[in-house]
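**Student:** What follows is a structure written as structure tokens; I'll ask about it next.
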Amino acid sequence: MIKITLPDGAIKEYSSAVTALDIAKEISEGLARNVLAAKVNGEVIDAFRPIEQDSNLELLTWNNDEGKNTMWHSSAHLLAEALEEIYPGIKLGIGPPIENGFYYDVDAGDRVISAEDLPAIEKRMLELARQKNEYVRKSISKADAIAYYKEKDDEYKLDLLENLEDGNITFYTQGNFTDLCRGPHIPNTGFVKAVKLLNIAGAYWRGDEKNKQLTRIYGITFPKQKELNEYLELLEEAKKRDHRKLGKELELFTFSQRVGQGLPLWLPKGALLRERLENFMRKAQVAAGYQPVITPHIGSKELYVTSGHYEKYGADSFQPINTPAEGEEFLLKPMNCPHHCEIYKASPKSYKDLPVRYAEFGTVYRYEQSGELHGLTRVRGFTQDDAHLFCRPDQVEDEFMKVIDLVLYVFKALDFKEYTAQISLRDKDDRSKYIGTDENWDKAEQSIIKAATEKGLNTVIEYGEAAFYGPKLDFMVKDALGRKWQLGTIQVDYNLPERFELEYVGSDNEKHRPVMIHRAPFGSLERFVAVLIEHCGGNFPLWLAPEQLAILPLSEKFNENAKDVLKILNKSDIRGFVDDRNEKVGKKIRDAEVSKVPYMLVVGEKEVENGTVSVRKHGEGDIGTMTIEEFSDYFNKNLQI
């Protein structure tokens, strides 16, 4: 008998192999109509694939992320089927699901697929979907798979086949379309009820600029047209909040081709915003016992060879800098941690000295490909609110939990209310990506799992997402539009202390190896600011706004009075400016609203006589007349961190 255990603990027994769809039908026909895939012993598989041994089973629907991913993966195949019909002889690259939707990379030969072609492709996809063709899985030998794609003259699939092992190769077919794929897929195309192809981009085959550039078509599908309509409305709102658009309008940052791609330039208002964030973090770090350090922007190549960063990140780093001295090479630093290891090593440590917590706003450099650069979210030079804690093994969990508290404090201050803690562990099968012993990895992974459990975090485990030197806890935050961002990371590392031969003298008077905790609550300041801009639509919390108020004199004769008001408010650390342009006050108000200045203080004859200001709030309008002292008290009551 085959025992199938459901999430509620119920056990079903079968005398022979059974599919998840069969089990769903036993429970409810309505449930069966909504099952997209199944999770069997932690692995997502086709709901129509036989289960042949005792298993834990979870039925996946549109309400599960894995269910959505399966539908979007199948939709990529549907897109490819439509493309093959409309563009005979088209060659297919890869078509994976992504966070929202899917894409397919294709080589259309001499033909050009443009945005104007997308509606016709969408129409054909829907027609094919309505045929309710089943997705059929078939195992195939490597030789037969190669023969199939040689006949189709598709060098991209042949390239993919080179790295696949015979016996582990599968094809999926729906209707008249067959694709090399390991799956899983939805039961049939009929689940797709609404289609939108979103845009077209160029993408190098295998992400290598030396290879041919293919056409990448992005799309998304839904089981209901209403859900697609809601998603498209969300996209329109996201365009309004795009940090690149708002960053320009609010004069926060810019880029220059002369300076170089992916190297942001912070304008005065953006620099003020960034400074406020840094000061906020510095204050929190001082309270938590961190010590500030500063390290150079470059380091000897040997430093990163020792740390392992050169081996793992060398291809993604800027090329070594050669000096006039023979054989002397430096790198723009890709990470701050090797420098902090050397600071720790600069003086002897006792067990009584630990934990040692070094913090730095350190700028690092990675050579991202030009096609992957995107505003502030993907840059080549960025600043991390980096810190490295060196502690005894018995201190790891306590220190880790204190860092969790710091990350949650940041999220609360900036109104990020929804988040998931992703426990990122080693790949279960491929250990070649990592350094260090299994023993140290096991200890590090268990420390993170235990700390996250004790803190009661909502966690998910992702295998294969660990850093090369240790597992980590990544905070996945939902913004105001429901999009997920990775903000904040904490990592436990037994390996770099070994590589740098870090030591402390224990209570037994013997030398011991410290454990290292890497942490960055903001992650990258650039990325964090980008997410924050889009989360709040440029309406920053009052304490963080670069300009907290605009003082608007009704005419030129009140300019000096307005400046006097600003001087008084500056003494209370209230930041702002006087708009003394020769414009009508209505235009000044409109411009301040567009610039998202939180408060506007209007100064005219009546206000000067009474020693008051007329107060307007961004997005709300007039809120009354106050004395300067009353406004200062009101302002500070609303200035919450």
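**Student:** Order these peptides, 585-598, 3-16, 232-245, by their mean beta-carbon neighbour count within 10 angstrom, highest first.
**Tutor:** Listed from highest to lowest mean packing, they are 585-598, 232-245, 3-16.
**Student:** Here is a further query. For Ser347, Ser74, Ser317, what's the fewest-to-most ordering of other Cβ within 10 Å of each Cβ?
**Tutor:** Least to most surrounded, the residues fall as Ser347, Ser317, Ser74.
**Student:** Ok, one more. Grab the other residues whose beta carbon is less than 15 angstrom from that of Thr189, score K and R as +1, D and E as -1, and report the net.
**Tutor:** -1
**Student:** Now for a different question. Sort region 549-638 into rounded, prolate or oblate with this rule: let a ≥ b ≥ c be the square roots of the eigenvalues of the Cα gyration tensor; rounded if a/c is under 1.5, and if a/c is not under 1.5, prolate when a/b is larger than b/c, oblate otherwise.
**Tutor:** rounded
**Student:** Among residues other than Tyr156 whose Cβ falls under 12 Å from its Cβ, what is the net charge (Lys/Arg +1, Asp/Glu -1)?
**Tutor:** Result for the local shell: -3.
**Student:** Just want the ordering: His374, His518, His185, from fewest to most Cβ atoms lying within 10 Å of their own Cβ.
**Tutor:** His374, His518, His185
**Student:** Quote the convex hull volume per residue of region 2-61, based on C-alpha atoms, as a whole number of Å³.
**Tutor:** Normalising the Cα hull of region 2-61 by residue number yields 70 Å³.
**Student:** Based on other C-beta atoms within 10 Å, arrange Ile343, Ile186, Ile45, Ile51 from fewest to most.
**Tutor:** Starting with the residue having the fewest Cβ neighbours, the order is Ile343, Ile51, Ile45, Ile186.
**Student:** Let me ask something else about it. Using the crude model of +1 on Lys and Arg Cβ and -1 on Asp and Glu Cβ, and no other charge, please compute the dipole size for the chain relative to its Cα centre, in debye to 20.
**Tutor:** 1220 debye
**Student:** Where does region 594-641 land on Rg(C-alpha)/(2.2 N^0.38 Å)?
**Tutor:** My calculation over the Cα atoms of region 594-641 gives 1.17.
Computed from the coordinates by the stated procedures, all read-outs in this text should not be read as laboratory data. Owing to the predicted nature of the structure, the values given are computational and were not obtained by experimental measurement. Reconstructed Cβ throughout: ideal geometry from the backbone, glycine too, with neighbour counts over all protein chains shown.
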